[in-house]
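The values are calculated or read from the model by the stated rules, or taken from the named source; none is laboratory data. Because the structure is predicted, anything quoted here is derived from the model rather than measured. Positions of Cβ are backbone-derived with ideal geometry, glycine not excepted, and every protein chain shown enters the neighbour counts.
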Amino acid sequence: MTWTWTDGVIRMQDAVLPNKMSIFEINSYETKFLYDEIFVQRSYMQHDIEIGRGDTIIDAGANIGMFALYLLTEFDPSRIFCFEPAPNCLDALRANLARWTDQVIISDSALGDSTGEAEFTYYPGYSIMSGLFANKDRDLDTLKSGARTQAAQKNKAIVEERFINAIVGKKLENSVSFKCPITTISDVIDKHDIQTVNLLKIDVERAENAIIRGINDKHWGRIKQIVVEVHDQGAREHEVMRDTLAEKGYHTVLSIESGLDNSAIYGLTARRN
């Protein structure tokens, strides 16, 4: 299976995860990172987040489906709503979740604060940084910051910048922008008559606050748990979101994302009191 851009061809590749599961991937280094984050560190299951058999999950920023695969193999939920607008990721997502068509609903829409259309930027070399609010310079700083932290942890010393540049390479080159449809969490809840969202997972590279704004007051009580990656863009967005969720009746925990100590990226979990 392939997806062709105007500047070349990007091919999905077969891969085997450490747990022996066969999948389609885009970039092997991303797959390794996602597997460690989701299956090993269980990053989305921290601070008493609970998932049970038959639960309903909304996955905003599904990428190639690694989190959905984790849920399906570990917990057997009844429904997972996966949102991924990047066509290349969407192809891999559909291929990886093809066995679970009775449990998974896949959408090519992005989630936001209103229904409509917006410009989405896709990085073929580092798909997990793609998004509605992509900015190459800012994204490159984030990528280098993460590389510095991880290299320092591995080598137990400060790593020279030339090595960081070598690690990052050209991962954000050849970006592609396109128009994608936008919907809201409340639209999804109404359309599918969802009475309970057991977990709302949001990892959308700076669009997380827009998604939160797209939840109507009448629907907050249906959302039991939230796990979100929050980017501090200079206005203390992580603290604002924490306070907003607390006002909505959630017990919140705000923490630094593992391996991203200097990148202003935070993990926020919220469980309804």
Taking the stretch 98-114 as the search range and keeping residues that are surrounded by fewer than 21 Cβ atoms within 10 Å (Cβ to Cβ) and touching a Lys or Arg at 6+ places or on another chain (Cβ under 8 Å), which one is nearest to residue 88 (Cα to Cα)?
106
In the set 218, 171, the lone residue that is over 22 Å from residue 107 (Cα atoms) and either among the small types (Gly, Ala, Ser) or assigned to a loop (DSSP other than H, G, I, E, B) (or both) is 171
Taking the stretch 97-114 as the search range and keeping residues that are aliphatic (A, V, I, L, M) and not in a strand (DSSP E or B), which one is nearest to residue 71 (Cα to Cα)?
97
Selected residue (only one of 266, 250 is surrounded by 19 or more Cβ atoms within 10 Å (Cβ to Cβ), under 20 Å from the mean Cα position of the chain (by Cα) and not basic (Lys, Arg)):
266
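Among the residues of the stretch 24-49, count how many are among the aromatic types (Phe, Trp, Tyr) and without any contact (Cβ under 8 Å) to a residue 40 or more places away in the chain. Walk me through it before giving the result.
Start the filter on the stretch 24-49 by keeping residues that are among the aromatic types (Phe, Trp, Tyr), which leaves 24, 29, 33, 35, 39, 44.
Applying the additional criterion that residues be without any contact (Cβ under 8 Å) to a residue 40 or more places away in the chain yields 29, 35, 39.
Counting residues in the stretch 24-49 that are among the aromatic types (Phe, Trp, Tyr) and without any contact (Cβ under 8 Å) to a residue 40 or more places away in the chain gives 3.
Would you point out the residue of the stretch 60-85, among those that are touching a Leu at 6+ places or on another chain (Cβ under 9 Å) and in a loop (DSSP other than H, G, I, E, B), that is nearest to residue 199 (Cα to Cα)?
If we take residues in the stretch 60-85 being touching a Leu at 6+ places or on another chain (Cβ under 9 Å) and in a loop (DSSP other than H, G, I, E, B), then 77 is nearest to residue 199 (Cα to Cα).
Kindly indicate whether residue 146 is of a type outside the set (D, E, K, R), on the phi > 0 side of the Ramachandran plot and modelled with pLDDT under 90.
Here the answer is no, as residue 146 does not meet what is asked.
Would you point out the residue of the stretch 115-141, among those that are outside any strand (DSSP E or B) and touching a strand residue (DSSP E or B) at 6+ places or on another chain (Cβ under 7 Å), that is surrounded by the fewest Cβ atoms within 10 Å (Cβ to Cβ)?
If we filter the stretch 115-141 for residues that are outside any strand (DSSP E or B), which is where we start, we get 115, 123-130, 132-141.
When the remaining residues are screened for being touching a strand residue (DSSP E or B) at 6+ places or on another chain (Cβ under 7 Å), the result is 115, 124, 130, 132, 134.
Working: 115: 13, 124: 21, 130: 26, 132: 19, 134: 20.
Among those residues, the one meeting the criterion is 115.
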